[in-house]
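**Q** Here's a structure for you.
Bear in mind that the values in this text are calculations on the coordinates, not laboratory data. What you are looking at is a predicted structure, and each value in this text was computed from that prediction instead of being measured. Here Cβ is always computed from backbone atoms with ideal geometry, including for glycine, and neighbour counts include all displayed protein chains.
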Amino acid sequence: MESKRNILKEYREKCGFTQEELAEKANLSTRQIQRLEYKESETKIETLRKLIKILNIEDKDVILLIKDE
């Protein structure tokens, strides 16, 4: 069984950010980033917009990201 892609983590690493660096850029806590990556919590649309912009997430992956929420 194929595991689901962790889009946030994938793009964060592609951009060369640590969770702490991404949290700082997005004005979020590191714990929030961890929860989002491990799908432990849902997020507000404003937060998703910030992360999509910071990480330059492609349209096709935005759809998957939102679908996972």
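**Q** Which of Lys44, Lys53 comes first, and how do the rest follow, when ranked by fewest Cβ neighbours within 10 Å?
**A** Ascending number of Cβ neighbours within 10 Å: Lys44, Lys53.
**Q** Another question, then. Out of these labelled values of percent of Cα pairs over 19 Å apart, (1) 70; (2) 48; (3) 22, which was calculated from the coordinates shown here?
**A** (3)
**Q** Can you work out the Karplus-derived ³J(HN,Hα) for every residue in the stretch 34-42? Use 6.51 cos²θ - 1.76 cosθ + 1.60 with θ = phi - 60°, whole Hz, and x for glycine or proline.
**A** Those phi angles translate into 4, 4, 5, 5, 8, 6, 8, 8, 8 Hz.
**Q** How large is ³J(HN,Hα) for each residue in the stretch 9-24, as worked out from phi by the Karplus curve 6.51 cos²θ - 1.76 cosθ + 1.60 (θ = phi - 60°), to whole Hz, x for Gly and Pro?
**A** Values, residue by residue: 5, 4, 6, 4, 5, 4, 7, x, 9, 7, 4, 5, 5, 5, 4, 5 Hz.
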